[in-house]
Amino acid sequence: MENRVFSGAPAEDFAGFARAVIDVDRIYVSGTLGDDPDTGTLPEDVGEQARNALKSIDATLIEAGASIRNVVKARVYLTDAVDLGAVAKVLGEVFGDIRPTNTLVVCQIPRLGAKVEIEVTASIAKG
């Protein structure tokens with residue numbers, strides 16, 4: 001489907017989802033863990049996980065015709081509220097003056113070692 005972006009991850013086929021969906025002027029990016037995009041390993045540091053997740057999200061948005069600068073809504077899932085400061089610092093560095101809306105949920109993430117998952121909605125509306 002041309003309005004879908006796929007990464008090729010086995011979970012996409014197994015669980016029946018797309019990496020991103022383009023719906024007219026919105027791009028919805030699935031929850032993204034913090035695997036290192038070059039090595040595929042999951043760092044222990046929650047800040048590094050957040051930074052990696054945002055790099056992967058940006059790459060997906062670029063493939064869909066946008067970028068991180070088009071993000072209007074971020075949803076951040078943390079396994080421990082104590083990590084909020086480290087993740088918030090990364091979000092502030094990456095989003096800067098973009099200032100999307102943001103929701104934080106403390107929950108379980110069903111992957112060993114994963115401390116943060118981020119999903120976004122981006123707008124490619126004109127004017």
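The values are calculated or read from the model by the stated rules, or taken from the named source; none is laboratory data. This is a predicted model, so every value here is computed, not measured. Cβ coordinates were reconstructed from backbone atoms using ideal geometry, including for glycine residues, and neighbour counts include every protein chain displayed.
Annotations for the structure displayed:
- Condition broken by Val21, with the remaining ones in (1) free of Cβ contacts under 8 Å to residues at least 60 places away in the same chain; (2) within 13 Å of Glu117 (Cβ to Cβ); (3) in a strand (DSSP E or B) satisfied: (2)
Residue-wise test of (1) more than 13 Å from the chain's Cα centre (by Cα); (2) closer than 13 Å to Gly34 by Cβ.
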{"position": "Leu78", "(1), (2)": "no, yes"}
{"position": "Asp97", "(1), (2)": "yes, no"}
{"position": "Pro110", "(1), (2)": "yes, no"}
{"position": "Val120", "(1), (2)": "no, no"}
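- Looking across region 13-27 at every residue that is surrounded by fewer than 16 Cβ atoms within 10 Å (Cβ to Cβ) and either under 19 Å from Ile68 (Cβ atoms) or not aliphatic (A, V, I, L, M) (or both), the one that is nearest to the chain's Cα centre (by Cα) is identified as Phe17.
- Residue list for region 79-108, filter: hydroxyl-bearing (Ser, Thr, Tyr) and within 20 Å of Arg26 (Cα to Cα): Thr101, Thr103
- Qualifying residue in region 99-111 (condition: surrounded by 18 or more Cβ atoms within 10 Å (Cβ to Cβ), touching a residue at least 60 places away in the same chain (Cβ under 8 Å) and in a loop (DSSP other than H, G, I, E, B)): no
- Scan of region 77-127 for residues that are within 25 Å of Ile22 (Cβ to Cβ) and polar (S, T, N, Q), ordered by number: Thr101, Asn102, Thr103, Thr121, Ser123
- Gly85 meets all of the listed conditions (1) modelled with pLDDT under 95; (2) small (Gly, Ala, Ser); (3) on the phi < 0 side of the Ramachandran plot; (4) loosely packed, with under 15 Cβ neighbours inside 10 Å but one, namely (1).
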